[in-house]
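*Asks:* This is the structure, below, for whatever I ask next.
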Amino acid sequence: MIEPALADDAFLADVEAADGALQLWWLGQSGFLVKCGGRHLLLDPYLSDSLTRKYEATETPHVRMTRRVVEPARLAFVDAVTSSHSHTDHLDAETLQAIHPRTLVCPAGTRELARERAGLEPLAVEEGQTVEVEGFVITAVRAEHDAPGGALGYVVQAASRTLYHSGDTVELEGLAESLQPFALDVAILPINGRLGNMTGPSAARLAREAGAGLAVPCHFDMFEFNTASPDEFVEECERLGQPYRVLRAGERLTLTG
């Protein structure tokens, strides 16, 4: 079992102490906690073992690789949550009901399922729509992933910083160009290269073509059957001259300025 960089009390102490800039922490899979100006946003959190239990003794057992960073109930201070699509590792009932956020942003096509899983009325958005949620400005952007109700990525703006969380998606023609006007500080991209996601090298190329200041990989080291080494992502970033950062679960990234 992979141990997080920070977990439980140590993780929460780091979140509380972080101040004065936009901060983000990788929570495993595609989950990230974002903090800015005392506000907290969760992106696609999966903080339970619901899938491990569901698929036990099947042909695709979801054997967890990395220990959970924090119990979801301990994130009840979070102001808002986003879900990029309806797959459980991005829209997990156990995680959402434990956190009980004030706002859940989701694709319009997943509204009913999100309501059922989260126990609240979600803020459903369409591609191209921009909403302001708890101090964060969120724009829904195109994604392509085989999930009921469709999929979206999100550009998140807070203070003077902008990050892009792609959710799950394959490579899309024109996506990089559509992201360029946002002047991304960070692009968070999946690298597992299967089940409807881009590979490490394609993620690196998207970050480069979009003009992202920093590329951060995700969607690995969670389940044994669906993971990938970040080595090819790193190699392609270095070949392209694309700045990158590979985080450990529970590790913080600080964007200053």
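The values are calculated or read from the model by the stated rules, or taken from the named source; none is laboratory data. Because the structure is a prediction, the values reported are computed rather than measured. Because the Cβ atoms are built from the backbone with ideal geometry, glycine has one as well, and the counts that use them run over all protein chains shown.
*Asks:* When you check Glu94 against the structure, is it touching a Lys or Arg at 6+ places or on another chain (Cβ under 7 Å) and either assigned to a helix (DSSP H, G or I) or modelled with pLDDT of 95 or more (or both), yes or no?
*Replies:* Against the criterion (touching a Lys or Arg at 6+ places or on another chain (Cβ under 7 Å) and either assigned to a helix (DSSP H, G or I) or modelled with pLDDT of 95 or more (or both)), Glu94 does not qualify.
*Asks:* Scan segment 33-45 for residues that are assigned to a loop (DSSP other than H, G, I, E, B) and buried (at least 24 other Cβ atoms within 10 Å of the Cβ) and report the count. Give the derivation first.
*Replies:* Of all residues in segment 33-45, those assigned to a loop (DSSP other than H, G, I, E, B) come to 37-38, 44-45.
Pick out the ones that are also buried (at least 24 other Cβ atoms within 10 Å of the Cβ) and you get 44-45.
Count: 2.
*Asks:* Here is a list: Ala147, Ala124. Which entry is assigned to a strand (DSSP E or B) and buried (at least 16 other Cβ atoms within 10 Å of the Cβ)? Working first, answer last.
*Replies:* Numbers: Ala147 fails: assigned to a strand (DSSP E or B).
Result of the check over Ala147, Ala124: Ala124.
*Asks:* Here's a follow-up. If the requirement is being within 16 Å of the chain's Cα centre (by Cα) and at positive phi, which of these qualifies: Gly150, Gly167, Gly128?
*Replies:* Unique residue meeting the criteria: Gly167.
*Asks:* Identify all residues within segment 19-67 that are among the charged types (D, E, K, R) and out of contact with any His (no Cβ under 6 Å at 6 or more places or on another chain); write none if there are none.
*Replies:* Going through segment 19-67, the residues among the charged types (D, E, K, R) turn out to be 19, 35, 39, 44, 49, 53-54, 56, 59, 64, 67.
Matches in segment 19-67: Asp19, Lys35, Arg39, Asp49, Arg53, Lys54, Glu56, Glu59, Arg64, Arg67.
*Asks:* Among the candidates Ala176, Ala215, single out the residue that is in contact with a Leu (Cβ under 8 Å, 6 or more places away or on another chain), of a type in the set (Gly, Ala, Ser) and assigned to a strand (DSSP E or B).
*Replies:* Residue meeting the stated conditions: Ala215.
*Asks:* Still on this model: From the residues in segment 92-105 that are free of Cβ contacts under 8 Å to residues at least 40 places away in the same chain and closer than 18 Å to Gly153 by Cα, which one is farthest from the chain's Cα centre (by Cα)?
*Replies:* Thr103
*Asks:* Let me ask you something else. Scanning segment 183-209 for residues that are assigned to a helix (DSSP H, G or I) and over 18 Å from the mean Cα position of the chain (by Cα), which turns out nearest to Leu255 (Cα to Cα)? Outline the logic, then answer.
*Replies:* Of segment 183-209, the ones assigned to a helix (DSSP H, G or I) are 200-209.
Of the ones still in play, those that are also over 18 Å from the mean Cα position of the chain (by Cα) are 201, 205, 208-209.
Numbers: Pro201: 24, Arg205: 22, Arg208: 19, Glu209: 21 Å.
Per the criteria, the residue is Arg208.
*Asks:* Among the residues of segment 18-48, write down those that are among the aliphatic types (A, V, I, L, M) and either at pLDDT below 95 or within 12 Å of the chain's Cα centre (by Cα) (or both).
*Replies:* Ala18, Ala21, Leu22, Leu24, Leu27, Leu33, Val34, Leu41, Leu42, Leu43
*Asks:* Would segment 161-175 turn up any residue that is surrounded by fewer than 18 Cβ atoms within 10 Å (Cβ to Cβ), farther than 20 Å from Pro45 by Cα and in contact with a helix residue (DSSP H, G or I) (Cβ under 6 Å, 6 or more places away or on another chain)?
*Replies:* yes
*Asks:* Here is a follow-up. For segment 217-233: of the residues being more than 15 Å from Thr66 (Cα to Cα) and more than 19 Å from the chain's Cα centre (by Cα), which is surrounded by the most Cβ atoms within 10 Å (Cβ to Cβ)?
*Replies:* Glu232
*Asks:* Please tell me if Arg74 is at pLDDT 95 or above, part of a loop (DSSP other than H, G, I, E, B), surrounded by fewer than 23 Cβ atoms within 10 Å (Cβ to Cβ) and of a type outside the set (Phe, Trp, Tyr). It would help to see each step written out before you state the result.
*Replies:* On the way: at pLDDT 95 or above: yes; part of a loop (DSSP other than H, G, I, E, B): no; surrounded by fewer than 23 Cβ atoms within 10 Å (Cβ to Cβ): yes; of a type outside the set (Phe, Trp, Tyr): yes.
In short, no.
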